[in-house]
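Derivation of every value follows stated rules applied to the coordinates shown; laboratory data play no part. What you are looking at is a predicted structure, and each value in this text was computed from that prediction instead of being measured. Positions of Cβ are backbone-derived with ideal geometry, glycine not excepted, and every protein chain shown enters the neighbour counts.
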Amino acid sequence: MDYFIELLFSGLTRGSIYALIALGYTMVYGIIGLINFAHGEIYMIGAFTAFIVATVLSIYGFPLLAIVVVAGVAATVWSSAYGYTIEKIAYKPLRHAPRLSPLISAIGMSIFLQNYVLLAQTSDFLPFPELIPEFAFMEPVAHIVGSSDLVILVTTTIIMLILTFVIKFTRIGKAMRATAQDRTMAMLVGINVNNIISATFIIGSALAAIGGLLIASHIGQINFYIGFIAGIKAFTAAVLGGIGSIPGAVLGSLILGLTESFATGYISSDYEDVFAFSLLVLILIFKPSGLLGKAETQKV
Amino acid sequence: MLKLENVQAGYGNIIAIKDINLEINEGEIITLIGANGAGKSTTLMTISGVISARAGRILFKNEPIEKKPSDEIVKLGICQVPEGRHIFPQLSVQENLDMGAFLRKDKANIKKDLQYVFDLFPILAQRKNQEGGTLSGGEQQMLAMSRALMARPQLLLLDEPSMGLAPLVIKQIFEIIKQINTENNTTIFLVEQNANQALHIADRGYVIENGKITLSGPANELLENSDIQKAYLGI
C-alpha cells in the first residue's frame, strides 16, 4: 500500500510539472492556433536561469529562502522575456501565412534555442543546487512522499488557482477568452489582440519557468536537452486533455504523470515512454479532440 | 461625420473594393445595398480597421483613421455588428455584453446602458447567464446589437442584421434600429441585402456593385429608381 501511495504522489508531482508546461501549449494554441514547439525550450531556459542565479547566490552564502525567491523571480522574468521575444520574432510576422509556416518557424526556434544554450553553457549535465530542503515535519512519511513532492504539489495548486481566477474574472482574462473564441470580434470590441497574444506568451512562459525551477531542484541536474523531452510530454498531455482547453491540460497532465509513474513502478522504467505515448495514440484514435476538447467543425 | 475617399481594400491578391466614395452625416441612417460579394462587408471591415485600406482615405470627424488599429477606432466611437453576429459562443450573455464595454471605465453609466439594452430586448435579461452560443439566431442578433450599444457608439455599423431571421424578427430589429437612431442620436451605417426594408428606414442610400459605388441618393428616390427596383427589390 505504501508503495502504491508513493507511486501515486510521484505521479501527481510529475503530472503537475507537466501541467505547468502544458498550460503554455494549450493557451497559445487556444489564442493563435499554433503548437509552439519552442515552449519546451522556455522551460529549459527557466531552469538554466534559476541554476545560474541560485549557484551564484549560494556561493555568496545567501539564505535558502532568499535564493529560492530570487532564482524563481529571475527565471520567470527571463523566460517571459524569451517567450515574448520569440513570438515577436518568429510568429508575429507569419500571422497571416499558411498554418504550416509558423509551425516550422517554431521547430526552428526550438532547435536554435537548444543549440544556443548548448554553446553558451555545456552539453554536460550540471548539478542543480538543492533548493527545497527536507522538512522536519515530513520525517514520518518521508519514505513515501518527499518534501520536494509536497512543495511542487502545493506550488502548482496555488498557481492553478491563481490562473483560474485570472482567466475567469479579470479584464485581461476575459479578453483572452474572447480572443480565443473569436479574434475578429475581439478586435471589433476594442481588444488589442497583439497585446493579448503577448500576454498569453508571457503567462505561459512564466508557468513553464516555474516548472523548470521546481523539477530541476527535484531531480538535481539539468542540461540543454531537458526542454525537448519535457516539451514533448507536456504537449502529449495537452493533446490528451484536449488542446486549447485549460482544465483539459491539467487533467491530461495528471493522467500522463500517473500513467508514467505506475508503469515505471509496477512494470519497468524502460517502458515509461512507451506507456506515455501509447496513451497519446489511443486518444488520437478514439477521441481525437481530447478528453475535454471540443471537436472542431469545419463549416462548408 | 465619416467620409470615405477612393478607398481600396482586399485580401491577398484579390481587390474586393476598388474605389469607394461615400459620406455619412451625424444623425443619419445610411444604407449600403448590393449583391453577395459586391464588397459590402469589406467596406465595413476596412472602416473598423480589421482590414487595412490599400489606398484612399477614411476620415472620421475630419481626422484620418485608415492607418489606425481596430481598438483605437472603437475608442473613437465606431462600433460594428459584423455579419453572422459573431457572438462569443462560450461567454455568457452577460459576459458578451461586458465585452462590448471593454474600453469603458465609467461603471455607473455602463450599468445604465446595461439596463437600457435589457429594456430594448427583455429576452436578454432572462438569458443573462446562458452561454451566447446557445441562443437562437434572432436572440444572437439582439445580443450582437446590444453588445455594440454597450460601447456607446457614435457611429454604429450594422452588417446584414436581417440575415437568416424570421420576417417578424426582422421587423422588430429594423424598428429598434430606427429607435436607437432617434433616441440616442446614434448615426447608423446599415449594410443590407434586404434593400426594401433598409431603404424604408434610411435617409440616404448607396448602391455597391463589384467593389464600386454605382448609385447614390435619398432613400425614397432610390426606392423609385427602376434599375434598383429590378435588381434589388424584385419589382
Checklist entry - Using the Karplus equation 6.51 cos²θ - 1.76 cosθ + 1.60 (θ = phi - 60°), what ³J(HN,Hα) coupling, rounded to whole Hz, does each residue of region B:194-204 give in order, writing x for Gly and Pro? => result 7, 4, 4, 4, 4, 5, 6, 9, 7, 7, 9
Item to check | Separation of the A:Val154 and B:Lys178 label points, Cα + 7 Å toward Cβ, nm | outcome: 6.8
Checklist outcome for this item: Yeah, region A:1-112 with a ≥ b ≥ c from its alpha-carbon gyration tensor (a/c under 1.5 is rounded, else prolate when a/b outruns b/c, oblate otherwise) is oblate
Checklist entry - Between A:Val77 and B:Glu209, what FRET efficiency comes out of the Förster formula 1/(1 + (r/R0)^6) with R0 = 60 Å and r the beta carbon distance, rounded to 0.05? => result 0.60
Item to check | Alpha carbon centroid spacing (whole Å) that separates region A:229-283 from region B:1-79 | outcome: 49
Item to check | Euclidean distance of C-alpha centroids, region A:100-160 and region B:160-235, integer Å | outcome: 62
Item to check | Which listed pairs, of B:Lys68/B:Lys105; B:Lys68/B:Lys171; B:Lys112/B:Lys212; B:Lys67/B:Lys111; A:Lys168/A:Lys233; B:Lys67/B:Lys105, have C-alpha distances above 29 Å, in listed order | outcome: B:Lys68/B:Lys171; B:Lys112/B:Lys212; B:Lys67/B:Lys111
Checklist entry - Relative to the present Cα-Cα distance, how much length would full extension add between A:Ser58 and A:Asn115 at 0.36 nm per residue of separation? => result 17.8 nm
Item to check | Selected from B:Lys107, B:Lys178, B:Lys40 as most flexible by GNM, with chain B as the system and alpha-carbon contacts under 10 Å | outcome: B:Lys107
Checklist entry - Based on the Cα coordinates of the protein assembly as shown, what is the per residue volume of their convex hull in Å³? => result 181
Checklist entry - In nm, to one decimal, how far is the B:Asn220 label point from the A:Leu161 one, both placed 7 Å along Cα→Cβ? => result 6.8
Checklist outcome for this item: So, relative contact order of chain A in percent, Cα under 8 Å, 6 or more apart, is 36
Item to check | Gain in span if fully extended, B:Leu103 to B:Gln229, counting 0.36 nm per residue against the direct Cα distance | outcome: 41.1 nm
Item to check | chain A: angle of helix A:193-219 to the longest principal axis, Cα-based, in degrees nearest 10 | outcome: 20
Checklist entry - Using 7 Å Cα-to-Cβ label points, what is the A:Asp270/A:Leu291 separation (nm, one decimal)? => result 2.9
Next on the checklist: At R0 = 41 Å, how high is the FRET efficiency between A:Ala66 and B:Glu72 if r is their beta carbon distance? Nearest 0.05 is fine.
Outcome noted: 0.40
